[in-house]
Amino acid sequence: MLLPLPLGLFNHLSMEHHLKLEALYRGRGEAVFMGTMAEILFVSCFMAEDGYGDGNEALIVTAQDHLVRAHQHGSNTGVWAFDGTAYAAFCKLLTLHDEQLRQAPAYAVFKANERMLQSIRTENQALSRAKAAMLVAEPA
């Protein structure tokens, strides 16, 4: 369990992430690509908290701000894209993420990924409860 991710898996993940980032920058992204960038953001943050990589908080916050704005724009227009500043922030984030995936033992990567999935499940449950409460509160 102290071994890093197998090189083939690392290469596959890294390539997939970088290709999705490039597609977003070129204005050819999809909503699911934004989801991938959000997953990378969560996992990088959790791995930094666990001591893997230089978890530059300013980088995380900047990338998160760009992701929120780009997601709002995509939801409103159907154009899923990053502008130059968002692209630059996510290039730095992907560099950090690649370093983390190379440095950390596989179990640490899996642990951070599970924390990310749990965060998403918790958020989805909260959204479902909020929607249900709004429906109940609407006047007939």
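The values are calculated or read from the model by the stated rules, or taken from the named source; none is laboratory data. Please read all numbers here as calculations on a predicted model, not as lab measurements. Positions of Cβ are backbone-derived with ideal geometry, glycine not excepted, and every protein chain shown enters the neighbour counts.
Things worth noting here:
- Hey, ALA63 out of contact with any helix residue (DSSP H, G or I) (no Cβ under 6 Å at 6 or more places or on another chain) and of a type outside the set (Ser, Thr, Tyr) or not: no
- Condition check for SER14: in a helix (DSSP H, G or I), at pLDDT 95 or above and in contact with an Asp or Glu (Cβ under 6 Å, 6 or more places away or on another chain): yes
- Positions within segment 17-44 being closer than 18 Å to GLN118 by Cα and touching an Asp or Glu at 6+ places or on another chain (Cβ under 9 Å), in sequence order: THR36
- From the options LEU5, LEU96, residue that is within 21 Å of LEU117 (Cα to Cα) and buried (at least 20 other Cβ atoms within 10 Å of the Cβ): LEU96
- Residues of segment 62-81 satisfying the condition of being among the β-branched types (Val, Ile, Thr) and either surrounded by 13 or more Cβ atoms within 10 Å (Cβ to Cβ) or in contact with a Gly (Cβ under 6 Å, 6 or more places away or on another chain) (or both): THR62
- Meets criteria (touching a Leu at 6+ places or on another chain (Cβ under 8 Å), over 20 Å from GLU123 (Cβ atoms) and exposed (fewer than 14 other Cβ atoms within 10 Å of the Cβ)) for TYR87: no
- Odd one out for GLN103 among (1) crowded, with 18+ Cβ neighbours inside 10 Å; (2) in contact with a strand residue (DSSP E or B) (Cβ under 8 Å, 6 or more places away or on another chain); (3) modelled with pLDDT under 95: (1)
- Note on segment 36-61: among residues that are assigned to a helix (DSSP H, G or I) and in contact with a Ser or Thr (Cβ under 8 Å, 6 or more places away or on another chain), the one that is surrounded by the most Cβ atoms within 10 Å (Cβ to Cβ) is PHE42.
- Residues within segment 82-140 that are more than 16 Å from the chain's Cα centre (by Cα), aliphatic (A, V, I, L, M) and part of a helix (DSSP H, G or I), tallied: 11
- Among the residues examined, ASP65 does not qualify as out of contact with any strand residue (DSSP E or B) (no Cβ under 8 Å at 6 or more places or on another chain) and outside any helix (DSSP H, G or I).
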